[in-house]
Amino acid sequence: MLSAGWLFPQKPRIYRIGYANFPPLIWKTPAGPAGFAVEVAKEAARRKKIELEWVSLPGGPEAALKSGTIDLYPIFANTPQRRGLIHMSRPWWESPLALIVDRRSNLKTLDQVDGRRLSVVDFSVTQNMAHALFPHSPHVMKIPYEEVLQAACTGEADAEFLTVSLYLELLQQGVRGCEGVSLAPIFIPDVSISYSIGARAGAERAADQIAAEIVDLTYDGTLARLGARSGEIVSNQAQLVRSLSAERRMTNFLFVVAIGLAAAAVLVGWQNRRVRKARESAERARKAEAEFLAHMSHEIRTPMNGVLGMLSLALETNMAAETHEYLETANHSALALLSVLNDILDFSKIDAGKLEMESIEFSPKQMVEQCVKTLSQEARRKGLSIVQEIGRDVPEWCIGDPNRLRQVLLNLLNNGIKFTDRGGVSVKAELGRLGSTDVALHFEVRDTGMGIPLSQQETIFQAFKQADRSTTRKFGGTGLGLAIVARLVEMMNGRIWVESEPDRGSAFHFTVVLGRTPVRENGGAEPLVGHARGAVQG
Ligand code: ADP
């Protein structure tokens, strides 16, 4: 696409910049503008490729900027009164102020001067400042700058209020009427006038660019060089400008950082609240769901047990072989369904925090033996061996929840048998730690089955996770068994982990912490435990 700029090349804009007599920073000369501020503005504009046309002003810059006679003014006193009316770049120059007195007057402090006759140079900004600083002084004089010192020398005024640089300039020029008079400055601490580039509407950007470039002129020494040429004392002021600009940059940077931090804090707070609310409502929903399932447990199990009871009674009656076979299948299906329901209901009960652990006395050894006995028929059916081994130092009696421990052991042994085709399964119990009031036991359920790939060894303890998708097809199951086991173990203050190698087998380890029964152990029941080893061969 053709741009309008290509068809109608725009003429570079020329900015009209004013100059007036404002010694020693700007002079009107027959050859045009001169002085430090002019040199500096010219150089900065040249570097920024901003074209300037210098326009001589009969009066002050404020009116010229307001009327639009000029676009810019290079050294425009930056005062609060002016700030809202005319655009001002950031300040690029500072002039300290002083009172000049005749030494013979014995005036030494600012307080002594307040109330005395002041002569003030005929610049509106200086006059306003004099009013503000010396409210009790009648400002008798508003004098063209050339005559300003004269008033102090002739005794027309007690003191002279002006910028330090103008004072130095006038001293250098020599003032008529001051011959033989010894003048002394009283510096006014912390008070100075700062100067910006003033701009009328539409020229703000140019003003800001020139001012920014002037600040950069301090870095390569250009400002000091220009100052030296026009007799202006630059080093201190340049330093002042430089530190001011650095400070301002730092302030800007800190401001941006602070805004950034505040925004981040608000965002994080808002996000946290959202996350917390979402988590709370998700938690409430999850609890409600789990509670519902836990309540349903009873409602589902009761009729299921009815079905199973009736089926087993029916199976014991005389009937045709074909009918017997149908009922047998129905019985198997009902048992499988009950096991799935049990898993789901158990899991939701644990999840809802509704499962309570019992604390009763039981014998871990007897329990292991019972579990092995329960599953020996199934192992035999698959042609697998099933072996148990109880450590000699495992206490005969402990306190805990035997039903939950049994559930864990049966689940692991069941899985062992389910996922093993050759060899067998074993269960081992040994003493982990014997405390004064509690005892830690370590169990290991090992098989010689298909094993679990390393990548899936961690996820199998999560709900609904199966090592291999084909598992469900081949072996059935819900993927809840190990999740329930892991939570039960956790509730018994233990931990569970697996070691496995595909095609070689798996070893599930878990620990539980049980209470000790001092009375029985000290009371002689202990000898029950030996190094028991039993095997049921398939
Ligand atoms: P499932 O009801 O599916 O058996 P589990 O939580 O008990 O659920 O087991 C999760 C998965 O872990 C199983 O589907 C199987 O892939 C794997 N797994 C568990 N025990 C064994 C084992 N002894 N040998 C091989 N894989 C096993």
How big is the accessible area of M450 in square angstrom, nearest 10, if you roll a 1.4 angstrom probe over the protein chains?
-> 80
Rg to Rh ratio, the range 346-502, alpha-carbon atoms and Kirkwood radius?
-> 0.96
In nanometres, what is the gap between the two model label sites at S281 and H324, each 7 Å from Cα along Cα-to-Cβ?
-> 6.1
Q172 and L335 label points (each 7 Å along its Cα→Cβ direction) are spaced in nm at 11.4
Spherically averaged projected area of the range 106-168 from its Cα convex hull (nm²) = 4.0
Residues of the range 319-355 with amide N under 20 Å of a point placed 7 Å along Cα→Cβ from E490 = 343-355
Residue-ordered couplings for the range 188-202, obtained by feeding phi - 60° into the Karplus form 6.51 cos²θ - 1.76 cosθ + 1.60 and rounding to whole Hz (Gly and Pro as x), are 9, x, 6, 10, 8, 9, 9, 10, 10, 8, x, 9, 8, 4, x
Per-peptide average of other Cβ atoms within 10 Å, ordering 90-102, 308-320 highest first | 90-102, 308-320
From highest to lowest solvent-accessible area (probe 1.4 Å; ligands, DNA and RNA excluded), K11, K287 read K11, K287
If Lys and Arg each add +1 and Asp and Glu each add -1, what is the summed charge of the other residues whose beta carbon sits under 12 Å from the beta carbon of M319?
-> -4
Compute the accessible area per residue over the range 6-161, keeping the other protein chains in place, probe 1.4 Å, unit Å².
-> 49
Can you figure out the FRET efficiency of L315 with Q370, using R₀ = 30 Å and their beta-carbon distance, to the nearest 0.05?
-> 0.75
Charge sum, other residues only, whose C-beta stays under 15 Å from R83's C-beta, Lys/Arg counted +1 and Asp/Glu -1 = +1
Taking the Cβ of G383 as the center, what net charge do the other residues with Cβ under 10 Å away carry, scoring Lys and Arg +1 and Asp and Glu -1?
-> +3
Just by accessible area at a 1.4 angstrom probe, what is the order of R279, R446, R406 from largest to smallest?
-> R279, R446, R406
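The values are calculated or read from the model by the stated rules, or taken from the named source; none is laboratory data. All values reported here derive from a predicted model rather than from experimental measurement. Using ideal geometry, Cβ is built from the backbone for each residue, glycine included, and neighbour counts are taken over all protein chains shown. Heads up: the accessible areas ignore ligands, DNA and RNA and are worked out on the full protein's heavy atoms, side chains in. Shrake-Rupley method; radii C 1.70, N 1.55, O 1.52, S 1.80 Å.
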